1. Just to be sure I understand: if I project the alpha-carbon convex hull of the range 10-273 onto a plane and average over all orientations, what area do I get in nm²?
2. Using the count of nearby Cβ atoms within 10 Å as a rough guide to exposure, how do L215, L131 rank from fewest to most?
3. Please compute the contact order of the chain in relative form: average sequence separation of alpha-carbon pairs under 8 Å and at least six residues apart, divided by the residue count, as a percent.
4. Using unit Cβ charges (K, R positive; D, E negative) and no other charged atoms, how large, in debye to the nearest 20, is the dipole of the chain about its Cα centre?
5. When Lys and Arg each count +1 and Asp and Glu each count -1, what net charge do the other residues less than 15 Å away from T220, Cβ to Cβ, add up to?
6. For the range 192-280, take N as its residue count and report Rg(C-alpha) divided by 2.2 N^0.38 Å.
7. Can you say what percent of the DSSP beta bridges in the chain, counting only those with both residues inside, are antiparallel? Round to 5.
8. Take the alpha carbon atoms of the range 234-249, find their center, do the same for the range 99-160, and report the distance between the two centers in whole angstrom.
Amino acid sequence: MTEQTMTGKTVLVTGASDGIGAESAKVLADKGATVYVTGRSADKLRPVAEAVGTEPLIADFSRLDDVRRLAADVAGRTATIDVLLNNAGGTFHPSKKTHDGHEPNFQVNHLAPFLLTQLLRPQLAAAGTSLVVNTSSVGNLMGKIVLDDLDYEHRRAIELPAYGTGKLMNIVFTRGIAQRWADDGIVSVAVHPGPVGSSFGRDSWFVGLVYRSPLKRFATISVADGAAPLVALAERGPDPEVDGRYFSRFSIDGRENKQAKDQSIIDGLWERSESLVGLA
Ligand SMILES: NC(=O)c1ccc[n+]([C@@H]2O[C@H](COP(=O)([O-])OP(=O)(O)OC[C@H]3O[C@@H](n4cnc5c(N)ncnc54)[C@H](OP(=O)(O)O)[C@@H]3O)[C@@H](O)[C@H]2O)c1
């Protein structure tokens, strides 16, 4: 029998319809947690929700109103969240603007989880101590945050660097939470799961070269192996020792973009994101 390390814990997993989100949700439920799952596709999410034993929560992160409705749905179901796995994300063609008019790598990877986490702060704080895990990527090294051009309107947007910028924002947001929400007992970490042979890159011909070719067998790790660092962090829980840190799989302080420690970027991204989602 699986060791019940998560009994009594409430977990919300985003991007739970596929890949490492689906796997983490099932493993954490198996370890005794009450797990809520969210995704944009009802058909894909339903079997995962059935496996973990909760109702599927549908929200498309390319629509900020969906995120607001999701936060209200979650608040209606649970008063406390012990672990929030902000895992939904991926590579998107920059020309396909979101419903809200944003560059999609920016909105789906950063702005939507930023809004969700802000709206769920009361439930995270109500847990006493809680943990926000942001699934980032080694791709953060390719990113470049320009505070006056978060939507790539004044520079050329190329898919992978734009994705890398979103994943860099995940680390910057992690630092922002660590600096601002410690009094609420909220700890945050970011993590690169490794090169996982999931459905990742389904919208990208370039990433697809590796992820949908015979090379996949040699270049990627299994979905279970990719989920393992997320599960380990959730089990470790809100450890102040690691607050604001970025893991590369199980190793603390992975290689990160120099902007990730730039205080003007940490403050600037937080303030501009608040204003873009109407919280400022
Ligand atoms: N795989 C890798 O090599 C790798 C490496 C570094 C970091 N990561 C990160 O790991 C996380 C999970 O990726 P994965 O490898 O498990 O890939 P995946 O199998 O493609 O899963 C991505 C999840 O995010 C969801 N998602 C995508 N766009 C969304 C939207 N607009 N609204 C709501 N949900 C959305 C997907 O929903 P659907 O099922 O509806 O598509 C799916 O549940 C991502 O943040 C990714 O950037 C992955």
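1. Numbers: hull surface 50.3 nm².
Convex hull of Cα atoms, orientation-averaged projection: 12.6 nm².
2. Details: L215 11, L131 26.
By the 10 Å Cβ count, ascending, the order reads L215, L131.
3. Working: 590 pairs, mean separation 51.0, N = 280.
The normalised contact order for the chain reaches 18 percent.
4. On the way: 30 positive and 33 negative charges, 139 e Å.
Taking the Cα centre of the chain as origin, the dipole is about 660 debye.
5. Values: positive: R202, R212, K216, R217, R249; negative: D18, E23, D225.
With Lys, Arg at +1 and Asp, Glu at -1, the net is +2.
6. Details: Rg = 16.9 Å, N = 89, 2.2 N^0.38 = 12.1 Å.
Here the answer is 1.39, to two decimals.
7. Working: 2 of 26 bridges.
That works out to approximately 10 percent antiparallel.
8. Answer, in whole Å: 19.
Coordinate-derived values only; no laboratory data. Computed from a predicted structure; not experimentally measured. Positions of Cβ are generated from backbone atoms using ideal geometry, with glycine treated the same way; all protein chains shown enter the neighbour counts.
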